[in-house]
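A.B. asks: Quick one: the structure is below, questions incoming.
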Amino acid sequence: MQEKNQVTAEENSHVPSTVGTHVSDLNTLVRLAGMIQTRLPANGGDPEQSYVARLLSKGADAILKKVGEESTEVVMAAKDLSHGGDSQSLVNEMADLWFHCLIALAHYGLQPQQVFDELERRVGVSGLEEKALRKVREREKNGD
C-alpha cells in the first residue's frame, strides 16, 4: 500500500532511486513560502520582529545581494567538499540559498509552483535542446 505522501513509481520512473520521492519535501518548500508571504510588508510583516520582514522591507537590492552571497557560499562549500570538506556544509548553504530564493520570489509576487511548473516542463528535455529553443524564442521575440 502506498504512503499518502509518496509519489507512485510510475509517476517517478525517471527519477533515480537515490532521489527522495516524498511529496512532503515539496510541501516543506510550499509551507516555507507561505510563511514568507506572511512577512511581506503588505501582509503586516514586522521588520522589528522578523528577519524575513526586515529583508523584504529593504527591497530588491538587499534581497538580491543576499541571494548572491548565498550562491557564493554554495560554491565555496562545494569546492571545500571536493577537497575533503563536510557535506553537511553544502546542504546547509544550499538550504540558505533556497530560502533566500523563496524570499526573492515573494518579493516579486511569484510562487514556488511557477518554478515547479517550469522544472516539470524541462523534465525529459535535453539541456542542449532547451538552450537552443530559448535562442530561437529570443530571436522570434526580437523579430530577427
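The values are calculated or read from the model by the stated rules, or taken from the named source; none is laboratory data. Remember, it's a predicted structure, so these values are computed and weren't measured experimentally. Positions of Cβ are backbone-derived with ideal geometry, glycine not excepted, and every protein chain shown enters the neighbour counts. For accessibility, only protein heavy atoms count, side chains too; no ligands or nucleic acids. Shrake-Rupley method; radii C 1.70, N 1.55, O 1.52, S 1.80 Å.
A.B. asks: Using +1 on the beta carbon of Lys and Arg, -1 on that of Asp and Glu, and nothing else charged, what's the dipole of segment 66-144 about the Cα centre, debye to 20?
C.D. replies: Computed about the Cα centre, the dipole is about 420 debye.
A.B. asks: Which chymotrypsin sites (Phe, Trp or Tyr not before Pro) from segment 58-127 combine a DSSP loop assignment with at most 10 other Cβ atoms within 10 Å? Kindly include the intermediate steps, with their values, before the conclusion.
C.D. replies: On the way: sites: TRP98, PHE99, TYR108, PHE116; in loops: TYR108.
Listed in order of number, the matching sites are TYR108.
A.B. asks: Near the amide H of LEU40, under 5 Å away, which other amide H atoms are found, from residues 5 or more places off or on another chain, if H is placed in the peptide plane?
C.D. replies: The answer is GLY45.
A.B. asks: Taking 0.36 nm per residue of separation and subtracting the Cα-Cα distance, what length does fully extending LYS135 through GLN49 add?
C.D. replies: Roughly 26.5 nm would be gained on extension.
A.B. asks: Could you work out the relative contact order of segment 20-119? I mean the mean sequence separation of Cα pairs under 8 Å and 6+ apart, divided by the number of residues, in percent. Could the numbers behind the result be given before it?
C.D. replies: Values: 77 pairs, mean separation 28.4, N = 100.
The value is 28 percent.
A.B. asks: For the residue pair GLU120 and THR38, what label-to-label distance in nm results when each label sits 7 Å from Cα along the Cα-to-beta-carbon direction?
C.D. replies: The modelled label-to-label distance comes out at 2.6 nm.
A.B. asks: Report the accessible area of SER89, computed with a 1.4 Å probe over the heavy atoms of all protein chains in place, in Å² rounded to the nearest 10.
C.D. replies: Probe radius 1.4 Å; accessible area of SER89 about 40 Å².
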